[in-house]
């Protein structure tokens with residue numbers, strides 16, 4: 001379970017990275033990882049610094065992807 005202060009930190013990290021859209025995640029299939037599914041053209045895919053900060057905040061493996069055919073489904077952050 002991810003605590004509310006962790007979600008606030010995630011939202012802060014995305015805002016600081018310039019992402020103004022609502023942060024969404026792929027449906028959870030494993031508690032040890034989170035896949036953030038962002039709006040196409042976000043420019044954040046491949047930002048290893050952001051992924052590292054998100055991993056530290058959540059204590060989980062993290063991936064950042066953009067909504068596409070392989071990632072068509074997404075849910076609100078919390």
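Looking at this structure, is residue 17 closer than 19 Å to residue 6 by Cβ, over 11 Å from the mean Cα position of the chain (by Cα) and either buried (at least 16 other Cβ atoms within 10 Å of the Cβ) or touching a residue at least 24 places away in the same chain (Cβ under 8 Å) (or both)? Judged against the criteria, residue 17 is a match. Every condition in (1) in a loop (DSSP other than H, G, I, E, B); (2) touching a residue at least 24 places away in the same chain (Cβ under 8 Å); (3) in contact with a strand residue (DSSP E or B) (Cβ under 6 Å, 6 or more places away or on another chain) holds for residue 36 except the one numbered (1). When residue 78 is tested against (1) in contact (Cβ under 8 Å) with a residue 60 or more places away in the chain; (2) out of contact with any helix residue (DSSP H, G or I) (no Cβ under 6 Å at 6 or more places or on another chain); (3) outside any helix (DSSP H, G or I), only condition (2) is not met. Taken over the stretch 4-18, the criterion of being in contact with a helix residue (DSSP H, G or I) (Cβ under 9 Å, 6 or more places away or on another chain) and not in a helix (DSSP H, G or I) is satisfied by 17 alone.
Bear in mind that the values in this text are calculations on the coordinates, not laboratory data. Since this is a predicted model, take the numbers as computed values, not measurements. When we count neighbours, we look across all protein chains shown, and the Cβ atoms used for this are built from the backbone with ideal geometry, even at glycine.
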